[in-house]
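Undergrad: Take a look at the following structure, please.
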Ligand code: PLP
């Protein structure tokens, strides 16, 4: 029997395939250092875990409202209001089963044959996959190394056509670690005034993972686009909670009921103890976030320094997230064969840039969510491999 066409177009995240292969090699006795998967290597802070356990013990394990428990929605609205000095209503906050589900919902709401959706390339692979699933035409926004891996407002605006329905932006960004400067975001928002029918989804899941005194610029700080802005965020990266499946989104009022109904149809609600954990994360001590950022920062400097000493490799210093995106063009390798050989022969899992879009050719992504000794060992293994296998 034939499935609907969308399933012949849906993609996936190769990071999960690399993880599975790395686990298989390691089960066969090979030493593998995993710099592939994008998740913090820290434990979820104890007070957050305790809140989930207490919730379960208190019998909080039934369904909740589809868009989340009221105190959690209120806590999200309060945090956004105070961080961005704006007024966010808890009634427009939806608690989601992961950050990913917000992009799923937003793309489903706007994607259909005949329309165009703009998304970053290189970018999180699910954007393009979901756009193609809906039958909409994906229009890549080039994310260039020459621009510090920030998006360019001028280039983004130039790609908008009468068919554009949704614009997806992501800063700080996966896979390049780029952070788009305020001036560029100002210019984008100004230019969007000319395109009032374009919805915007801003993926700000790495908002707290910033270095070198960078301040997060949220699209929520721009009142002129609030009536068409979908904000994607969550707990996965900030509080080391990827497996809890938690996220939140903020919607313009006219679209909120659509996401509520989608929730009722698809997931009923986010698992209840996770919601209590999320509440403890937002309202409890934040020192673990700072400690994690400090540790990432140290590794970031180390990994960039190490990468720049490898033959044929050049890496600019990322300002956010926990990824480095080195240029490997001078090694003489194509990105995906190099990533595969590094895993199979050197025992280092990384992801080939083309897994994040066509402009990812010539780059690989390393996640530095791993210990300094492991990163050091991975860099040594990469150095030995490249010295032995580079044509020059
Ligand atoms: N957005 C970006 C840019 C990501 O890199 C990721 C995860 O890697 C997500 C969203 C999804 O996060 P979650 O695990 O909360 O679904």
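Bear in mind these aren't lab numbers, they're just calculated from the coordinates by the rules spelled out. Keep in mind that this is a model prediction, so the values were computed, not measured. In this analysis, Cβ positions are derived from the backbone assuming ideal geometry, glycine residues included, and neighbour counts consider all displayed protein chains.
Undergrad: Which angle from 0 to 90°, rounded to the nearest 10, does the C-alpha axis of helix 14-27 make with the longest principal axis of the chain?
TA: Tilt of helix 14-27: around 50 degrees.
Undergrad: Would you mind giving the average projected area, over all directions, of the Cα convex hull of the chain in nm² with one decimal?
TA: Working: hull surface 81.0 nm².
Here the figure is 20.2 nm², rounded to one decimal.
Undergrad: Relative contact order for the chain: what is it in percent, counting Cα pairs under 8 Å that are at least 6 residues apart?
TA: Taking the mean separation of contacting Cα pairs over the length of the chain, I get 23 percent.
Undergrad: So for each of 309-317, 72-80 I average, over its residues, the number of other beta carbons within 10 Å; can you give me the resulting order with the highest mean first?
TA: 72-80, 309-317
Undergrad: Could you work out the relative contact order of the range 62-283, using alpha carbon pairs under 8 angstrom and six or more residues apart, expressed as a whole percent? Walk me through the numbers on the way to the answer.
TA: Values: 401 pairs, mean separation 61.7, N = 222.
Relative CO of the range 62-283 lands at 28 percent.
Undergrad: Of the beta bridges DSSP finds with both residues in the chain, what % are antiparallel, to the nearest 5? Don't jump to the answer; show the numbers that get you there.
TA: Details: 15 of 35 bridges.
Close to 45 percent.
Undergrad: Still on this model: Checking a compactness column here: for the range 262-302, what do you get for Rg(Cα) / (2.2 N^0.38 Å), N being the number of residues? Numbers along the way, then the final one.
TA: Working: Rg = 16.1 Å, N = 41, 2.2 N^0.38 = 9.0 Å.
The reported ratio for this selection is 1.79.
Undergrad: Going by alpha carbons, how many degrees (0 to 90, nearest 10) lie between the helix axis of 70-83 and the longest principal axis of the chain?
TA: On a 0 to 90 degree scale, this one is about 70.
Undergrad: Oh, and also: Relative to the compact globular guide of 2.2 N^0.38 Å, what is the alpha carbon radius of gyration of the range 1-108, as a ratio? Could you put the intermediate results ahead of the total?
TA: Working: Rg = 19.8 Å, N = 108, 2.2 N^0.38 = 13.0 Å.
Taking the Cα Rg and dividing by 2.2 N^0.38 Å, one obtains 1.52.
Undergrad: Between residue 195 and residue 298, with labels modelled 7 Å along Cα→Cβ, what's the label distance in nm to one decimal, could you check?
TA: 4.3 nm
Undergrad: Also: Over the range 1-155, what is the relative contact order in percent, taking alpha-carbon pairs closer than 8 angstrom and at least six residues apart? Write out the running numbers ahead of the final one.
TA: Details: 138 pairs, mean separation 34.9, N = 155.
For the range 1-155, the relative contact order is 23 percent.
Undergrad: Run the numbers for residue 163 and residue 24: contour at 0.36 nm per residue of separation, minus the present Cα-Cα distance, in nm.
TA: Details: separation 139, 0.36 × 139 = 50.04 nm, distance 4.49 nm.
My answer for the length gained is 45.6 nm.
Undergrad: Still on this structure: For the range 62-283, report the translational diffusion coefficient in µm²/s to the nearest whole number, using Stokes-Einstein at 25 °C, 0.890 mPa s, and a Kirkwood Rh over Cα pairs.
TA: Translational diffusion coefficient: 140 µm²/s.
Undergrad: Run the helix sum for the chain: -39,500 (n - 2.57) per DSSP H stretch of 4+ residues, divided by residue count, reported at 222 nm to the nearest 500 deg cm²/dmol.
TA: Computed mean residue ellipticity for the chain: -12500 deg cm²/dmol.
Undergrad: Where does helix 372-389 land angle-wise versus the long Cα axis of the chain, in degrees 0 to 90, nearest 10?
TA: Approximately 50 degrees, to the nearest ten.
Undergrad: In Å³ and rounded to a whole number, note down the convex hull volume per residue for the Cα atoms of the range 88-177.
TA: Cα convex hull per residue, to the nearest whole number: 115 Å³.
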